[in-house]
Amino acid sequence: MYSGASNFVEGVDKAFMLIMGISIFFLIGITTVMIIFLFKYSRKKNKKPSTNDGSIKLEIIWTAIPLVLVMLMFYYGWVGYAPMRKVPDDAMLVKVTGKMWQWIFEYENGKTSPDLVIPLNKPVRLDLYSPDVNHSLFIPAFRVKEDVVPGYDNYLWFTPYYIGDYEILCAEYCGLMHSYMTAKAKVVSQEEFDVWLADFTPIEKESEHPGLLIINANACTACHSLDGTRLVGSSFKDLWGAKKIVLVKDNEKEITVDEQYIKKSIYDPDAEVVQGFNKGLMRSYTGVISEEDANKIVEYLKTLKK
Ligand SMILES: [Cu+2]
């Protein structure tokens with residue numbers, strides 16, 4: 001609350017606190033009155049029911065008070081929201097692509113980054129694109145969130161006020177792995193930013209195994225860990241050569257993880273389902289991962305065996 005991390009924190013938090021305050025007031029108020037009435041108008045004390053209809057005074061009161069309250073909510077909501085759609089002319093431009101299942105930030109000089117690095121106290125405009133499904137860029141600390149919809153050019157902007165790392169999330173939840181689409185917003189000094197922006201040396205990518213690059217590019221690690229942790233799928237660590245029980249059309253079968261088995265798992269994951277895991281979660285990568293790339297994955301998995 002009121003962290004002040006961006007220019008929008010105050011406006012959003014004010015509207016939020018107002019609505020929250022009114023809600024809590026009425027929750028407590030209505031519940032209290034309900035309980036009091038329960039006793040006051042109980043059947044024991046009111047043998048003969050009485051009615052009470054037609055009161056202009058009451059009608060006016062319970063129309064006017066809610067009207068004032070909702071107009072107040074609207075006012076603070078609008079005052080907080082309107083500036084979000086007016087981007088300052090000097091805002092720095094960053095193109096954001098949200099795709100299954102990662103964010104990519106692209107700067108005007110062509111530099112791309114998996115994290116959003118931005119200079120302190122400078123307005124930044126994020127142009128939002130999606131080549132596949134709906135996503136939603138959410139940076140809670142800055143109080144900004146906009147949908148990223150294929151075929152529709154959406155945007156958002158803000159000015160960061162403090163140096164630090166902030167979470168970036170995908171707030172689109174009707175899909176398998178939006179919740180894994182995390183990134184960092186790194187607010188740095190202008191000098192640090194200029195150095196970073198001009199630096200085009202790829203981040204350690206050269207030294208990484210080609211198979212790992214394919215695994216990362218397809219976000220396999222959202223479901224398969226590399227360190228032995230059990231996620232939605234089994235870990236890739238020590239997978240190569242392991243003996244497993246798989247279910248083939250509900251019949252158990254023992255297999256040894258080899259090249260053929262791994263490829264079958266990639267192209268037709270539901271054909272042989274590993275015991276203890278659920279089928280229907282992993283999609284088929286037929287047409288997505290080429291035979292050549294599948295071989296690289298196999299080669300990489302071999303290196304994960306002690
Ligand atoms: Cu998403």
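Comparison of 201, 182 shows that the only residue that is within 15 Å of the ligand (Cβ to nearest atom), within 30 Å of residue 296 (Cα to Cα) and surrounded by fewer than 17 Cβ atoms within 10 Å (Cβ to Cβ) is 182.
Within the range 283-306, residues that are under 16 Å from residue 264 (Cβ atoms) and in contact (Cβ under 8 Å) with a residue 40 or more places away in the chain sit with their Cβ atoms under 9 Å from residues that are among the β-branched types (Val, Ile, Thr) and part of a loop (DSSP other than H, G, I, E, B), at 6+ positions apart or across chains, in these pairs: 297/289; 301/257.
Every test in (1) within 16 Å of the ligand (Cβ to nearest atom); (2) touching a Leu at 6+ places or on another chain (Cβ under 8 Å); (3) farther than 29 Å from residue 295 by Cα is passed by residue 162 save one, and that test is (1).
Taken as a whole, the range 85-100 holds no residue that is assigned by TED's automatic domain parsing to the domain that holds residue 190, in a helix (DSSP H, G or I), in contact with a strand residue (DSSP E or B) (Cβ under 8 Å, 6 or more places away or on another chain) and small (Gly, Ala, Ser).
With respect to the conditions (1) within 14 Å of the ligand (Cβ to nearest atom); (2) farther than 24 Å from residue 15 by Cβ, residue 170 lacks only one, and its number is (2).
Can you confirm whether residue 187 is modelled with pLDDT of 90 or more and either within 16 Å of the ligand (Cβ to nearest atom) or in contact with a Gly (Cβ under 8 Å, 6 or more places away or on another chain) (or both)? Taking the combined requirement at face value, the residue satisfies it.
So that you can scan it fast, the table gives a plain yes or no per residue for (1) farther than 27 Å from residue 182 by Cα; (2) surrounded by 18 or more Cβ atoms within 10 Å (Cβ to Cβ):
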position: 60; (1), (2): yes, no
position: 70; (1), (2): yes, no
position: 75; (1), (2): yes, no
position: 82; (1), (2): yes, no
position: 86; (1), (2): no, no
position: 111; (1), (2): no, no
position: 118; (1), (2): no, yes
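The values are calculated or read from the model by the stated rules, or taken from the named source; none is laboratory data. This one's a predicted model, so the numbers in the text were calculated from it and none came from an experiment. Using ideal geometry, Cβ is built from the backbone for each residue, glycine included, and neighbour counts are taken over all protein chains shown.
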